[in-house]
Amino acid sequence: MKKFWEKWTEIALVKRILVGLILGAILGIAVPGATGISILGDVFVSALKAIAPLLVFFLVISSLCNAGKSHGGVIKTVIILYMFSTVLAAVIAVFASMAFPVEMTLANAATDTSAPQGIAEVLNNLLLNVVANPVSSLVNANYVGILMWAVLLGLAFRAADKMTKKVLVDVADGISMVVTWIINLAPIGIFGLVFNTVSTNGLEIFTTYGKLLLLLVGCMLFIYFVTNPILVYWCIRQNPYPLIFHCLKRSALTAFFTRSSAANIPVNMKVCEEMGLDRDTYSVTIPLGATINMDGAAITITVMTMATAFTLGIHVDIPTAIILSLLAALSACGASGVAGGSLLLIPMACSLFGISDDISMQVVAVGFIIGVIQDSVETALNSSSDLLLSASAEFRQWRLEGKEIKFK
């Protein structure tokens, strides 16, 4: 068994994932009734979601209590990149929607979930999550609360003796090893996830909502392959695309199929470790990115709101569009504190145009229908951008210090 495991891990992870992807797609078409296969994907995603809060919590504590110098400069750069990128995504989504207007047929029944009534409620939820009970934060994967308490405890443990600090480091290293084991099972998990997607979802969404999907995915791809490279070049002053494709291959692929930024946090941290980045920095910036770096969510909120306005014949002027961009970016940053994620923030954005909840919740229902594609691409963009911008900010520091920028 040990030899088998060694042989298994010797094969490049991406190659193993591609094999699992292809086999899952083939079986999803050939034997869609073999529903038991999908349990492999559910177990894999559940394992990543379960370990991620513990990983973030203990990694941040051990990093801060043992840190010998401040890494605030890099973290500040990462936060600026996160926020600028999210606002830019919303602005691009507005102009893309104006250039290629899409109308929908709002015939679906409204969902029975409740949306936030305004930006104040979103920010209120976000602030309450910051001071939530640390145990409940770990249980509910509330990363804002986890980061808050981990930072406070990490600073408090700086006064602890060497033995206590060593124990915290050992715990963090042990959890990191468990993460490595789980990630090595990613091909099996993605095999189950792809099978489930292919066997349960037909091609109807491509015909009924093809234009809407094309606009959403097109905006997300534009961000990743056009605007993100500009931000990366500003940081590293060299060809950004090797790093772009590295992050796409190592992070976006798993995020696309898990459809969970939380589940992809351990994956991103593992890649940061392999690239030689500072653990004291990425242990903070990666989970922080899962909360405030929401390019995909900003695009979804903006495009769906603009499509609703066009469907109802509402004229959207430039000043209103700019306000919508800022509202979408700000609310997207608080999406993790709202049940249902970015889709349930659409009614709040629609209220800017005086659109009633009855209509806007029908748009949310459309969002759930196309979610099998939209949510996958959105998560891939959000999570891989966390890795990309975190790495770029640290590489910028390397460049300023005269160090060579190299990554696997």
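A few points about this structure:
- Residue match in the range 201-217 (condition: small (G, A, S), farther than 23 Å from V74 by Cβ and open to solvent by less than 30 Å² (accessible area, probe 1.4 Å)): yes
- Scanning the range 310-328 for residues that are assigned to a helix (DSSP H, G or I) and either open to solvent by 20 Å² or more (accessible area, probe 1.4 Å) or modelled with pLDDT under 75 (or both) gives F310, T311, I318, P319, T320, I322, I323, L326, L327.
- Residue check for G174: open to solvent by 20 Å² or more (accessible area, probe 1.4 Å) and at pLDDT 85 or above: yes
- Restricting attention to the range 359-405, the residues being at pLDDT 85 or above, crowded, with 23+ Cβ neighbours inside 10 Å and touching a Ser or Thr at 6+ places or on another chain (Cβ under 9 Å) number 15.
- The set of residues in the range 140-160 that are modelled with pLDDT of 85 or more and either loosely packed, with under 15 Cβ neighbours inside 10 Å or farther than 19 Å from A172 by Cβ (or both) comprises L152, A156.
- Those residues of the range 262-281 which are in contact with a Phe, Trp or Tyr (Cβ under 9 Å, 6 or more places away or on another chain), farther than 15 Å from L59 by Cβ and assigned to a helix (DSSP H, G or I), in sequence order: A263, E274
- Filter result for T302 (assigned to a helix (DSSP H, G or I) and open to solvent by less than 10 Å² (accessible area, probe 1.4 Å)): yes
- W234, sole failed condition from (1) within 20 Å of the chain's Cα centre (by Cα); (2) assigned to a helix (DSSP H, G or I); (3) among the hydrophobic types (A, V, I, L, M, F, W, C): (1)
- Residues of the range 165-181 satisfying the condition of being in contact (Cβ under 8 Å) with a residue 40 or more places away in the chain and not charged (D, E, K, R): L168, V169, V171, A172, I175, S176, V178, V179, T180
The values are calculated or read from the model by the stated rules, or taken from the named source; none is laboratory data. Quick caveat, the model's predicted, so the values are computed rather than measured. Note that we place each Cβ from the backbone using ideal geometry, even for glycine, and neighbour counts take in every protein chain shown. SASA here: full protein model, heavy atoms, side chains in, ligands and nucleic acids out. Shrake-Rupley method; radii C 1.70, N 1.55, O 1.52, S 1.80 Å.
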